[in-house]
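Structure, as structure tokens:
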Amino acid sequence: MGLVRTIIDRDQGYAESALPQGLRELYDGDLHFPATPAQRPFVIANFVSTLDGVVSYKIKGHAGGATISGFDPADRFIMGLLRASADAVMVGARTVHDVSPKGLWIPEYTYPDAKHLYTEYRVKVLHKPEFPLVVIVSGSGRLELERAIFRTPGVHTVVITTSAGRDELARAGATKLPSVQIKAVDATGGSIAPLVVLPLLYLQFGVRMLLHEGGPTLFGQFLAADAVDELFMTLSPQIAGRKADAIRPALVQGVEFVPDCAPWFQLLSVKQKAEHLYLRYRRTESRPSGA
Ligand SMILES: NC(=O)c1ccc[n+]([C@@H]2O[C@H](COP(=O)([O-])OP(=O)(O)OC[C@H]3O[C@@H](n4cnc5c(N)ncnc54)[C@H](OP(=O)(O)O)[C@@H]3O)[C@@H](O)[C@H]2O)c1
């Protein structure tokens with residue numbers, strides 16, 4: 001039985017299915033991705049948002065996406081499915097800090113019931129290692145190294161940082177952690193450009209499909225660099241509200257577009273379960289007709 005019901009699917013007509021049957025049933029359909037662009041990974045992003053666009057309550061213990069979705073099983077299943085599809089999952093440092101210290105960016109962490117289906121898909125169909133590479137972007141290098149993400153056998157983590165961040169991580173003992181790699185890159189004013197991150201992951205780590213899991217600050221920079229190909233967005237039927245001096249982030253923070261160059265998207269699929277909607281968009285150069 002499906003975890004979601006497909007209402008619209010405009011990505012059809014493939015000769016062969018991509019997902020194994022068990023995942024196709026839970027997702028109520030298939031999931032294909034286009035070929036990788038030249039010299040960089042294909043970038044998909046995944047967020048859950050309230051109806052008013054808030055992605056985090058920014059309250060200790062309730063800052064993560066699970067509070068936004070109301071611990072919605074279908075949202076968590078789709079998150080796991082996208083992780084299972086990706087070579088690497090990338091997050092910004094504040095997203096790492098705002099979730100549980102046990103947090104892991106691997107498929108079954110969000111939806112353990114599909115663990116075997118995710119593994120079968122990754123290993124037997126996609127011929128990828130059991131877990132995706134975890135990529136953390138941190139200019140400062142100030143990361144809590146006691147977290148499970150740095151200490152779980154089989155989970156490989158790369159921290160993309162500045163030279164100052166590399167020194168900070170070395171002082172904190174990160175170079176002694178066997179599953180952690182540190183990559184210091186050029187960063188003007190402490191900010192690492194998405195167009196530096198992507199070729200690094202492509203060339204040095206063989207990443208062809210990158211899942212961007214936020215947060216809104218890192219996501220905004222990738223959008224501004226035209227480095228997001230698809231957006232999977234769960235719309236959760238609650239309203240969080242924001243004060244004028246908002247600390248609750250919306251989908252994008254720290255970047256704003258003018259109408260002439262705001263990114264537009266084409267709707268690829270709509271799925272539904274009870275009051276939640278699961279939307280898939282692909283970046284498009286042209287505005288929809290009538291816009
Ligand atoms: N609802 C959802 O789907 C969802 C998804 C993801 C996250 N979230 C929530 O969003 C919140 C975090 O989002 P956020 O926007 O505050 O932070 P974020 O994007 O996760 O992380 C920002 C941090 O990442 C590093 N960073 C980002 N861009 C960088 C660049 N270009 N160069 C160098 N370092 C860079 C910096 O780390 P340093 O400070 O170490 O330099 C920066 O402080 C959390 O509460 C999280 O739970 C929600």
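The values are calculated or read from the model by the stated rules, or taken from the named source; none is laboratory data. Quick caveat: nothing in here was measured; it's all calculated off a predicted structure. Please note: Cβ atoms are built from the backbone with ideal geometry, for glycine as well, and neighbour counts cover all protein chains shown. Each accessible area value is taken on the protein alone, full model and side chains, heavy atoms only, with ligands, DNA and RNA left out. Shrake-Rupley method; radii C 1.70, N 1.55, O 1.52, S 1.80 Å.
Leu3 falls short on exactly one of the conditions (1) in contact with a Leu (Cβ under 6 Å, 6 or more places away or on another chain); (2) outside any loop (DSSP other than H, G, I, E, B); (3) crowded, with 20+ Cβ neighbours inside 10 Å, and that condition is (2). Counting the residues of region 15-25 that are closer than 30 Å to Val197 by Cβ and in a loop (DSSP other than H, G, I, E, B) gives 2. Which residue is nearest to the ligand (Cβ to nearest atom), if the candidates are limited to region 26-74 and must be among the hydroxyl-bearing types (Ser, Thr, Tyr) and in a loop (DSSP other than H, G, I, E, B)? Result: Ser56. Residue check: Ile239 meets all listed conditions (1) open to solvent by less than 60 Å² (accessible area, probe 1.4 Å); (2) within 15 Å of Val55 (Cβ to Cβ); (3) at pLDDT 95 or above but one, namely (1). The requirement of being within 15 Å of the ligand (Cβ to nearest atom), more than 26 Å from His127 (Cβ to Cβ) and touching a Lys or Arg at 6+ places or on another chain (Cβ under 7 Å) is fulfilled nowhere in region 250-269; no residue meets it. Gly65 satisfies every condition listed in (1) within 21 Å of Thr217 (Cβ to Cβ); (2) touching a Pro at 6+ places or on another chain (Cβ under 7 Å) except (2). Of all residues in region 66-75, those that are without any contact (Cβ under 8 Å) to a residue 24 or more places away in the chain and touching a strand residue (DSSP E or B) at 6+ places or on another chain (Cβ under 9 Å) total 1.
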